[in-house]
Amino acid sequence: LHDANNLLSYPYAASQSLSDALPDAVEDEVFAIVGEGVASLNLGGGAWAGSLNGFDGGSGYWFARTAGSDDISFEYNAPSAGNARLTTTVLPEVPEAFRYAQSTEQSFYFVDSITLDGEAMTDNNWIIAYNDDVVVGARMWNGEYTDIPAMGSDSSTETAGYMELGGIPSFKLYNAITGSITDLYVDGSVDGWTNNGVSIITLSDMAPIPSVVALNNSYPNPFNPST
C-alpha cells in the first residue's frame with residue numbers, strides 16, 4: 001500500500017467483513033475503503049461506517065490512505081468457516097425520480113449528522129446529491145456516517161452533467177412518505193469533488209448566515225477610470 005489511493009483486488013471466493021479480512025496493523029493505516037457505489041469510513045478500534053460492510057470475492061476496492069504515509073505490505077486474513085457465510089448488504093432501491101448511473105469516477109460524502117427543524121430522521125428519508133440540477137447520487141439515511149455517493153463525469157453519455165474536478169455538490173432531503181423535498185446546507189466547509197474522494201460533512205436545513213461582508217475591487221472595471 002502506497003499513500004493516497006490504492007486499487008487492490010480481494011482474491012478469496014468467500015466474502016469477509018472488513019475487520020476480519022484486514023490485519024489490525026493494516027486496518028489502522030487505512031482511512032476509508034471504496035467499492036462500486038459503496039464506501040466505508042474507518043472510525044477506529046475495528047469499527048467501520050458506511051454502505052460497504054465486507055469484501056466480495058474477485059472484486060476490486062480502493063484503499064484510501066493519508067498523503068505522505070509510508071509504504072506498507074500485507075496479506076489478507078484467510079476467511080474461516082464462520083465468516084465465509086457473510087453476505088454483503090443489499091442497499092435499498094433508489095426511488096425512480098432520483099436514480100443515477102454508476103460512473104467509473106465517484107466520490108463519497110459521509111454525513112455525521114443532519115439538523116432538521118421539527119423532523120426526525122428515519123429510514124424513509126433519502127439524501128440526494130446534485131450537480132446543479134442533475135442527480136449524481138442518493139442514499140437512504142441509515143444513521144450517523146451515512147455515505148452519499150457523488151458520481152463524476154467519465155465522458156460517457158450516461159454521466160453527462162455529473163461532477164467535475166473541484167465541483168461542489170448540493171444536497172436535498174427527500175421524504176418517501178410525504179413526498180416533500182427539503183434543501184440541505186453544509187455546516188462549514190466542504191471539499192471539492194475528486195475521484196475516489198472521501199469527505200465528512202454535517203448537514204442542516206438552515207441556510208448559513210455570512211459572518212463577514214466585504215466589498216472587493218471591481219475587476220475588470222467597466223467604469224474605467226473610476227468606480
Residue in the range 22-33 that is more than 22 Å from the chain's Cα centre (by Cα) and assigned to a loop (DSSP other than H, G, I, E, B) present: yes
Any hit, the range 157-167, residues being at pLDDT 95 or above and on the phi > 0 side of the Ramachandran plot: yes
Number of positions in the range 145-173 that are open to solvent by less than 40 Å² (accessible area, probe 1.4 Å) and hydrophobic (A, V, I, L, M, F, W, C): 6
Condition check for Thr194: among the polar types (S, T, N, Q) and closer than 17 Å to Ala129 by Cβ: yes
In the range 1-21, residue surrounded by the fewest Cβ atoms within 10 Å (Cβ to Cβ) [restricted to those that are of a type in the set (Ser, Thr, Tyr) and in a strand (DSSP E or B)]: Ser9
Residue check for Leu52: assigned to a loop (DSSP other than H, G, I, E, B), within 20 Å of the chain's Cα centre (by Cα) and closer than 23 Å to Ile148 by Cα: yes
Residue within the range 212-223 that is within 18 Å of Ile114 (Cα to Cα) and polar (S, T, N, Q) present: no
Elements of type strands (runs of 3 or more DSSP E) contained in the range 83-186, each with 1 or more residues being of a type in the set (Lys, Arg): 134-140, 170-175
Filter pass, Ala120 being among the aliphatic types (A, V, I, L, M) and closer than 27 Å to Ala4 by Cα: no
Residue pairs meeting the criteria (Cβ under 7 Å; at least 6 apart or on separate chains; first open to solvent by less than 40 Å² (accessible area, probe 1.4 Å), in the range 33-56; second of a type in the set (Lys, Arg)): Ser51/Arg139
Flag for Asp187 being surrounded by 13 or more Cβ atoms within 10 Å (Cβ to Cβ), under 16 Å from the mean Cα position of the chain (by Cα) and modelled with pLDDT under 95: no
The range 92-116: number of residues that are more than 16 Å from the chain's Cα centre (by Cα) and among the small types (Gly, Ala, Ser): 1
Test: residue in the range 192-202 that is farther than 22 Å from Val38 by Cα, assigned to a loop (DSSP other than H, G, I, E, B) and in contact (Cβ under 8 Å) with a residue 12 or more places away in the chain: no
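The values are calculated or read from the model by the stated rules, or taken from the named source; none is laboratory data. Everything quoted here is computed from the prediction, not taken from an experiment. Note that we place each Cβ from the backbone using ideal geometry, even for glycine, and neighbour counts take in every protein chain shown. These area figures cover heavy atoms from the full protein model, side chains too; ligands, DNA and RNA do not enter into them. Shrake-Rupley method; radii C 1.70, N 1.55, O 1.52, S 1.80 Å.
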